[in-house]
Amino acid sequence: MLLASPPALQAQKAAVVSIEAADLVEYETAAEPVKKLIEISLDLTRRKLGYRFGSNSPEKKGMDCSGTVQHALTMFGFQGVPRSSWDFYTWAEKAGVLKPTPGVTSTDDPVFAELKPGDLLFWEGTYETGDRDPPISHVMIYLGTLKADGEGVMFGASSGRRYRGKTIHGVSVFDWEVPEEGSESKFVGYARIPGVAAEETPDPTPKGESNLLKSLLDQLFKKSEASGP
């Protein structure tokens, strides 16, 4: 069953949830750009913003899904960020970073092995999109895994999605879920945000110390060879 037309959802009172960045398993080892994006996203969830179709501004007391992602990326420092979920999808596709997930019905599917915090998430069929091809209708940002229960969470805006049993209306943290088999809506792919590195922080050992250690080990190895078995 498709969700109600987005404009019909705007009158509801904001009901949102937030978490701390440190609550995420992956946060400490995430690359600095990803940490920044997570922090920006979670800051928006603390502003008690409702769901407002057609809005990309907190000043209107609410935003829609793509408006929320656009605003977060603009705060991050991007210029000329896409506006609609379809625009985000084609942006990622043209950049060569889109990972299609045809037929996926569970977040445990092996296709998600490369999913990282900061990645864009895409759905189709959550509401009627007219002549969009493909009919992308929803976008969010994957945040990672909660330390408390080991389950995934995502960031965005929606009216009706849930967080740990709570029905959400607004800009919030949400359960990381994909539609089950037989649903009219489908999860269709995820993607690195072009220009945002998702790799983990490299070995914290300073380069100079690493090179010195390698040199000492090489010397010890050579002495061992010279002395024989």
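Quick test for you: out of ALA72, ALA21, ALA8, ALA30, pick the one residue that is small (Gly, Ala, Ser) and modelled with pLDDT under 95.
ALA8
Please specify each residue of segment 122-147 satisfying the condition of being in contact (Cβ under 8 Å) with a residue 60 or more places away in the chain, part of a loop (DSSP other than H, G, I, E, B) and out of contact with any helix residue (DSSP H, G or I) (no Cβ under 7 Å at 6 or more places or on another chain).
Those that are in contact (Cβ under 8 Å) with a residue 60 or more places away in the chain, part of a loop (DSSP other than H, G, I, E, B) and out of contact with any helix residue (DSSP H, G or I) (no Cβ under 7 Å at 6 or more places or on another chain): GLY125, THR126, GLU128.
VAL81 - would you say it is buried (at least 16 other Cβ atoms within 10 Å of the Cβ), in contact (Cβ under 8 Å) with a residue 60 or more places away in the chain and assigned to a loop (DSSP other than H, G, I, E, B)?
no
Only one of ASP133, ASP203, ASP149 is at pLDDT 95 or above and surrounded by fewer than 22 Cβ atoms within 10 Å (Cβ to Cβ); which?
Just a single option satisfies the conditions, and that option is ASP149.
Which residue, of GLY80, GLY96, is at pLDDT 95 or above and more than 26 Å from ALA21 (Cα to Cα)?
GLY96
May I ask you to verify whether ARG162 is touching an Asp or Glu at 6+ places or on another chain (Cβ under 6 Å), surrounded by fewer than 22 Cβ atoms within 10 Å (Cβ to Cβ) and over 18 Å from ALA72 (Cβ atoms)?
Yes; evaluated as a whole, the condition is true for this residue.
The values are calculated or read from the model by the stated rules, or taken from the named source; none is laboratory data. On a predicted model such as this, the values are computed, not experimentally measured, just so you know. All Cβ positions, glycine included, derive from the backbone under ideal geometry; neighbour counts span all protein chains shown.
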